[in-house]
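Novice: Just dropping this structure here.
The values are calculated or read from the model by the stated rules, or taken from the named source; none is laboratory data. Computed from a predicted model, the values in this text were never measured in an experiment. Using ideal geometry, Cβ is built from the backbone for each residue, glycine included, and neighbour counts are taken over all protein chains shown.
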Protein chains: 2
Amino acid sequence: MTRGRAGDPDHVVELLWREGGAEPRPGLSLDRIVRAGVELADAEGLAGLSMRKVAERLGFTTMSLYRHVPGREQLIDLMCDEVAGETAGGAAAAGDGWRAQLEACARAGWELRRRHPWLAEVRGGRHVPGPNTIARYEQMLSTVADTGLTPAEVIAVVGLVGRFVDSEALLLVEAAETERRSGVSEEEWWGGRETLFERLYGYPTLTRLWEQGGFDRPEDPFEFGLARLLDGIELLVQKRYESRDEIKECVVCGAPVDQPAAGRPRAYCSASCRQRAYRRRTAGQD
Amino acid sequence: MTRGRAGDPDHVVELLWREGGAEPRPGLSLDRIVRAGVELADAEGLAGLSMRKVAERLGFTTMSLYRHVPGREQLIDLMCDEVAGETAGGAAAAGDGWRAQLEACARAGWELRRRHPWLAEVRGGRHVPGPNTIARYEQMLSTVADTGLTPAEVIAVVGLVGRFVDSEALLLVEAAETERRSGVSEEEWWGGRETLFERLYGYPTLTRLWEQGGFDRPEDPFEFGLARLLDGIELLVQKRYESRDEIKECVVCGAPVDQPAAGRPRAYCSASCRQRAYRRRTAGQD
DNA sequence: AAGTTCTGTTTATGGCGTACACAGGGTGTA
DNA sequence: TACACCCTGTGTACGCCATAAACAGAACTT
């Protein structure tokens, strides 16, 4: 079933978007392997996720896994989508503005990475997204879609926020993982680096900030960064909003729009485009 | 010399901050190993950096390296500081505002990661910084230090921008590395994922953005993100500036400051603190 | 009943970091 | 001059990793 298709990306697409049909039978199964992988990575981090250990945990030989999963990389893809389905995607109420909703998405991602720290450790491009991952992405996109930003900007905003969450999460994961392995806390370890500190006195700004306690009572990196990021995005949204009367193209079909000499500027080229935009706005809001 | 100190972080401090004394002798040396490591990682990425290959490149046995470097991790630390010393740190002119200077720092980091992509791949906490790394950090801190932000905020801003550069660089590295190994370009690969695309039509926003060409003509993630980030930071700086007349504590010594009933609000508790602040501001501007 | 497919095992390959014991030459001391 | 030591480089070995290939038995199809 899986044999010989290790290099075939379409295979993992099939696995990701599989029908959950097959009733649980004794023996191995894709779901069992994925779940065991998640448990293992939760406990030992992504570096601790080896095919041997997954198999051991399930009471089978290493190679038996390859009957169900093409390889380790693909197992990780499957694990990612598995946990992406955990939160119902509740986020914020639909009545809130885009900013509150986008912030809620970021926090949901943050929370997910708190429960499954290895998510932030997943690296390497060309990860095929599964249904749960896509659902989250779609939600973020739709949150930003009606801000008046261009399509490319919408995509860029969502990517920016997503990568921010990931990179901040990775920071914490690495610290936690190192603590776990070494048994020495982060503060303890850095506190013991006196041979380093004594070389830092020559740097005036660093020393001053240190003396003023900037390193002792730091800002929360996630909260601080998220606030700055959203501020920056909001500024762009405002700029686009203020220049909305300069719109020369219909936001739906792209055709040129005649602007009236006075009164509210037009965004749509025709009533049908306006109606189409309305339907899109309300679509999916069950 | 190195033997038996593999677990000792102080050792790598000594190596990083070593005096460049020792004249080049035949045989191995720390510098030669580090340079070979940089070359190798430049060519094959951090994953391709193995002790075996470094040794091979130098014409020695693998274990000979361990006479000069405690281990792979520490070699990477040394490589990082080696390349951090490459750019003279020119950045922007001192006359420019903090924003232009901070942007220049970010671009310098970006440029460095373009030349040494593996820099972005370096992971794991507790990396001991060397003199070149610290010099860059000091420069960024001093750039943001005179914005009126609190010490903790200054540190948070520098960290935020630094991690942003890193995470965006990592994105490109991973793509490039995968292309190199697979021989298939990113566009080609994603273009061939039709079995995936046909499952995405059900998502309205995603589909619409796709149809509008948002994925074909994307924003540059680095430029877009940097602009948003700096905008957000500028907003904070403005907020702090506007509320500067509410300052209740001397920004130098932290003592309470009596505010005059009228006129320009005081920032310093005394003339000596004002003078000290001036000296700090002008220090290091050779 | 025969053939095929699915599932799990066994064995083996080639890569990695690095611990450990050793060898030879240069240097310092008696 | 003779001895000891240490610095540098070597060879071997261990335990991890992913996974390729050939095989064995059970179950399902025709």
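Novice: Which residue, of B:ASP77, B:ASP42, is within 13 Å of DNA strand C (Cβ to nearest atom) and not basic (Lys, Arg)?
Specialist: Selected residue: B:ASP77, the only one of B:ASP77, B:ASP42 that is within 13 Å of DNA strand C (Cβ to nearest atom) and not basic (Lys, Arg).
Novice: Scan segment B:171-223 residue by residue and report those that are farther than 22 Å from A:ARG136 by Cα and at pLDDT 95 or above.
Specialist: Answer for segment B:171-223, where residues must be farther than 22 Å from A:ARG136 by Cα and at pLDDT 95 or above: B:ASP220, B:PHE222, B:GLU223.
Novice: Anything in segment B:52-79 that is more than 10 Å from DNA strand D (Cβ to nearest atom) and assigned to a helix (DSSP H, G or I)? List them, or say none.
Specialist: Answer for segment B:52-79, where residues must be more than 10 Å from DNA strand D (Cβ to nearest atom) and assigned to a helix (DSSP H, G or I): B:LYS53, B:VAL54, B:GLU56, B:ARG57, B:ARG72, B:GLU73, B:GLN74, B:LEU75, B:ILE76, B:ASP77, B:LEU78, B:MET79.
Novice: If you check B:GLY37 against the conditions, is it of a type in the set (Gly, Ala, Ser), at pLDDT below 95 and either more than 12 Å from DNA strand C (Cβ to nearest atom) or more than 30 Å from B:VAL237 (Cβ to Cβ) (or both)?
Specialist: On the way: of a type in the set (Gly, Ala, Ser): yes; at pLDDT below 95: no; either more than 12 Å from DNA strand C (Cβ to nearest atom) or more than 30 Å from B:VAL237 (Cβ to Cβ) (or both): yes.
No, not satisfied.
Novice: Cβ-Cβ below 7 Å, separation at least six or inter-chain, first residue in segment B:59-80 and away from chain A (no Cβ under 14 Å) and within 13 Å of B:LEU15 (Cα to Cα), second near DNA strand C (Cβ under 9 Å from one of its atoms) and part of a helix (DSSP H, G or I): which pairs?
Specialist: Listed pairs, sorted by first residue: B:VAL69/B:LEU75.
Novice: Collect the residues in segment B:27-51 that are within 12 Å of DNA strand D (Cβ to nearest atom) and surrounded by 18 or more Cβ atoms within 10 Å (Cβ to Cβ), keeping them in residue-number order.
Specialist: B:LEU28, B:LEU30, B:ILE33, B:MET51
Novice: I'd like to check something: does segment B:225-244 contain any residue that is of a type in the set (Asp, Glu), assigned to a helix (DSSP H, G or I), under 33 Å from the mean Cα position of the chain (by Cα) and at pLDDT below 95? It would help to see each step written out before you state the result.
Specialist: Step one: filter segment B:225-244 for residues of a type in the set (Asp, Glu), giving B:231, B:234, B:242.
Cutting the leftovers down to assigned to a helix (DSSP H, G or I) gives us B:231, B:234, B:242.
Now drop any that are not under 33 Å from the mean Cα position of the chain (by Cα), which leaves B:231, B:234, B:242.
From what's left, at pLDDT below 95: B:242.
Yes: segment B:225-244 contains one or more residues that are of a type in the set (Asp, Glu), assigned to a helix (DSSP H, G or I), under 33 Å from the mean Cα position of the chain (by Cα) and at pLDDT below 95.
Novice: Shifting gears a bit: Name every residue in segment A:138-155 that is in a helix (DSSP H, G or I) and either touching a Ser or Thr at 6+ places or on another chain (Cβ under 9 Å) or more than 7 Å from chain B (Cβ to nearest Cβ) (or both), in order of residue number. Can you show your working first?
Specialist: Looking only at segment A:138-155, we keep the residues that are in a helix (DSSP H, G or I), and these are A:138-145, A:151-155.
Residues satisfying the conditions are A:GLU138, A:GLN139, A:MET140, A:LEU141, A:SER142, A:THR143, A:VAL144, A:ALA145, A:GLU153, A:VAL154.
Novice: Give segment A:45-73 a look and list any residue that's among the small types (Gly, Ala, Ser) and more than 10 Å from DNA strand C (Cβ to nearest atom), or say none. Break it down into steps so the answer makes sense when it comes.
Specialist: Start the filter on segment A:45-73 by keeping residues that are among the small types (Gly, Ala, Ser), which leaves A:45, A:47-48, A:50, A:55, A:59, A:64, A:71.
Result: A:GLY45, A:ALA47, A:GLY48, A:SER50, A:GLY71.
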